[in-house]
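These notes are about the structure you will find just below.
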């Protein structure tokens, strides 16, 4: 079969002919119709994940066919039964197991879910990991409610966009930040109330002026800006953290945290229950994932380059078959 | 009546003869038998609270008699009905209303609760504000469970000691930090498993060696040490923050927070429901507050000085009548 194979560190995966996977016990082989990239895949290519062996087939997100059934794959493996946190051996499809950037992949039967019928294979492939991460941080952790004021930082990435769509779907009032004005414009087109450019020195003052305080803030940056997020919190606010691209958090006032009864809630990926609830939510609200671009798998290198440049607004999808 | 009156900033309150309070509508006048100091009282004396008028009678904690009924006073006023956070006009008895450092005080009827029958007036007076704060941060916010490993920083203060007693009462395994070895020894006598001196550079490494990781950490310091508390967290851990004596929090890894699904939970004082549940808990588990010293109200100045020096282990109580 064809697969995008990673043969050494810092090299873009190349399309190769490799043996097709065989189903091990309690496994099924999925014929992949479409797959999607995550930041994780780019970081693995850059050698930022431990334990990688070459050659490897990456890819956590995929949708396709099993015995004629249209399926989407749940990428999380071994979360365990505790809803609060993952077990030690929890990991994501696509490392160390071979992933979805291939014509077929072997996965456990309990990782297979019916593809939402309102979605194409490309749209369904865009859903799993980012949708799961967004659902857990927004609902399971921050318990966002209808009518609440929500801020989502760094709009344009897959998780941030699902947070926007999910929060809008339940009737929250959503604001965004981005490094680029065109991404804010697109978020407003999708239903966001407004947004600010976080590269401007007074972004938080501007945000306070246009929006007041926030009940829920979803952040994946951390860094110096985090202390300003805390200042933007209403009493009882929750800040969900699912990433830390700007590094360590500093300058945070404990007085604000305790006096305003703020909750700062770390969240990563999600449990099997989170995944099932996310899928049900997507079906109920007819959420359509934002797809930035669809590349044929033969042009996988271009997909990786676009992801690395951070230009995308929505998910970057590979059409496989 | 006699009262400890604060007549100007930075002066220790002095025993004075003042008019006795009259009950306004929906109020009762409590004949105070014993009162207790909080850090709050010392900070008000130092002029660190806004809106103080002179002369003022301080004091948030009190126990006494109303028409022969033995009562303890709930010091919180106007929390509101939302359990997540206090309303804007929430405040604590003892500023701006006259407080408990007097022979009598007027309070709303719904602030009166039966004194736990297993407690003396001095012990009951030691309970309200610190017990309420401890109960909310430990149970309502951090939801500590039997068998969990708990770390309480700065043992010796009123809230920290109630956290120790409450956590032990439900069967948690509790460790402590302090600036002084004698306070750690006393905490161990009360049931703590072990403790470390936070002034030693390697306190967190020592703690990790003797205790491993923690499921719940209760902190009122913040500052530089906070990042080390985050490193001591088990997956799914909760850190409750009810103070910030060491100032801003810096150097915290967002990666630890999201990967370990950590919750950092601000908490201050507590709701009416928290107070009722705290009293019920104290009655059920026959908790006896740790009283450091009892001064007659005539020696109130000595009580304030002891509090300001931070030497106490437990609550400093005034015997009023």
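The values are calculated or read from the model by the stated rules, or taken from the named source; none is laboratory data. Bear in mind the structure is a predicted one, so any value in this text is a computation, not a measurement. Neighbour counts run over all protein chains shown; Cβ positions are idealised from the backbone, glycine included.
Could you name every one of the helices (runs of 4 or more DSSP H) located completely within the range B:116-185 that has at least 1 residues being in contact with a helix residue (DSSP H, G or I) (Cβ under 8 Å, 6 or more places away or on another chain) and under 25 Å from residue B:310 (Cβ atoms)? Even if it seems obvious, please write down each step before you answer.
On the way: elements: B:121-125, B:128-135, B:158-169.
In the range B:116-185, the matching helices (runs of 4 or more DSSP H) lie at B:128-135, B:158-169.
Given the structure, is residue A:204 out of contact with any strand residue (DSSP E or B) (no Cβ under 7 Å at 6 or more places or on another chain) and either assigned to a helix (DSSP H, G or I) or not assigned by TED's automatic domain parsing to the domain that holds residue A:141 (or both)?
On the way: out of contact with any strand residue (DSSP E or B) (no Cβ under 7 Å at 6 or more places or on another chain): yes; either assigned to a helix (DSSP H, G or I) or not assigned by TED's automatic domain parsing to the domain that holds residue A:141 (or both): yes.
In short, yes.
Consider residue B:81 carefully, then state whether it is away from chain A (no Cβ under 14 Å) and farther than 19 Å from residue B:51 by Cβ. Spell out the reasoning first.
Working: away from chain A (no Cβ under 14 Å): no; farther than 19 Å from residue B:51 by Cβ: yes.
When the stated conditions are applied, residue B:81 does not pass them.
Exactly one condition in (1) free of Cβ contacts under 8 Å to residues at least 40 places away in the same chain; (2) within 14 Å of chain B (Cβ to nearest Cβ) is not met by residue A:209; state its number.
Condition not satisfied by residue A:209: (2).
How many residues are surrounded by 16 or more Cβ atoms within 10 Å (Cβ to Cβ) and more than 19 Å from the chain's Cα centre (by Cα) if we restrict to the range B:59-70?
Our first condition is that a residue be surrounded by 16 or more Cβ atoms within 10 Å (Cβ to Cβ); within the range B:59-70, this holds for B:59-66, B:70.
From the residues that got through so far, the ones that are more than 19 Å from the chain's Cα centre (by Cα) too are B:64-66, B:70.
Looking only at that region, the number is 4.
Does residue A:56 count as in contact (Cβ under 8 Å) with a residue 24 or more places away in the chain and either farther than 25 Å from residue A:132 by Cα or within 19 Å of the chain's Cα centre (by Cα) (or both)? I'd like the intermediate steps shown before the answer.
Values: in contact (Cβ under 8 Å) with a residue 24 or more places away in the chain: yes; either farther than 25 Å from residue A:132 by Cα or within 19 Å of the chain's Cα centre (by Cα) (or both): no.
Spelling it out, it is not the case that residue A:56 is in contact (Cβ under 8 Å) with a residue 24 or more places away in the chain and either farther than 25 Å from residue A:132 by Cα or within 19 Å of the chain's Cα centre (by Cα) (or both).
Return yes when residue B:229 is touching a strand residue (DSSP E or B) at 6+ places or on another chain (Cβ under 9 Å), in contact (Cβ under 8 Å) with a residue 40 or more places away in the chain, assigned by TED's automatic domain parsing to the domain that holds residue B:147 and outside any strand (DSSP E or B) and no when it is not.
Working: touching a strand residue (DSSP E or B) at 6+ places or on another chain (Cβ under 9 Å): yes; in contact (Cβ under 8 Å) with a residue 40 or more places away in the chain: yes; assigned by TED's automatic domain parsing to the domain that holds residue B:147: yes; outside any strand (DSSP E or B): yes.
Here the answer is yes, as residue B:229 does meet what is asked.
Please work out which one of (1) touching a residue at least 40 places away in the same chain (Cβ under 8 Å); (2) closer than 17 Å to residue A:93 by Cβ is the condition residue A:7 fails and give its number.
Condition (2) is where residue A:7 drops out.
Residues that are more than 11 Å from residue B:102 (Cα to Cα), at least 3 per element: which strands (runs of 3 or more DSSP E) completely within the range B:1-85 meet that? Walk me through it before giving the result.
On the way: elements: B:2-6, B:14-17, B:27-36, B:61-66, B:69-73.
By residue number, B:27-36, B:61-66, B:69-73.
Just to be sure, is residue B:308 away from chain A (no Cβ under 14 Å), part of a helix (DSSP H, G or I) and farther than 18 Å from residue B:144 by Cβ? Even if it seems obvious, please write down each step before you answer.
Numbers: away from chain A (no Cβ under 14 Å): yes; part of a helix (DSSP H, G or I): yes; farther than 18 Å from residue B:144 by Cβ: yes.
For residue B:308, the condition - away from chain A (no Cβ under 14 Å), part of a helix (DSSP H, G or I) and farther than 18 Å from residue B:144 by Cβ - is met.
In the range B:240-270, which residues are more than 7 Å from every other protein chain (Cβ to nearest Cβ), under 20 Å from residue B:208 (Cβ atoms) and buried (at least 24 other Cβ atoms within 10 Å of the Cβ)?
The one that is more than 7 Å from every other protein chain (Cβ to nearest Cβ), under 20 Å from residue B:208 (Cβ atoms) and buried (at least 24 other Cβ atoms within 10 Å of the Cβ): B:240.
Need pairs with beta-carbon distance below 9 Å; first residue in the same structural domain as residue B:39 (by TED's automatic domain parsing) and within the range B:303-321, second at pLDDT below 95 and part of a strand (DSSP E or B); sequence gap 6+ or separate chains.
Short answer, once both residue conditions are applied: B:310/B:157; B:312/B:157; B:313/B:157; B:314/B:157.
Check the range B:214-229 and report whether any residue there is away from chain A (no Cβ under 12 Å) and surrounded by fewer than 18 Cβ atoms within 10 Å (Cβ to Cβ). Please lay out each step first, then the result.
Of the range B:214-229, the ones away from chain A (no Cβ under 12 Å) are B:214, B:216-217, B:228.
Subset that is surrounded by fewer than 18 Cβ atoms within 10 Å (Cβ to Cβ): B:228.
Yes, the conditions are met somewhere in the range B:214-229.
For the range A:274-299, what are the residues that are within 20 Å of residue A:75 (Cα to Cα) and in a helix (DSSP H, G or I)?
A:274, A:275, A:276, A:277, A:278, A:279, A:280, A:281, A:282, A:283, A:297
When the residues of the range B:86-107 are narrowed to those that are touching a residue at least 60 places away in the same chain (Cβ under 8 Å) and assigned to a strand (DSSP E or B), which ends up surrounded by the fewest Cβ atoms within 10 Å (Cβ to Cβ)?
Once the filter is applied, the top-ranked residue is B:106.
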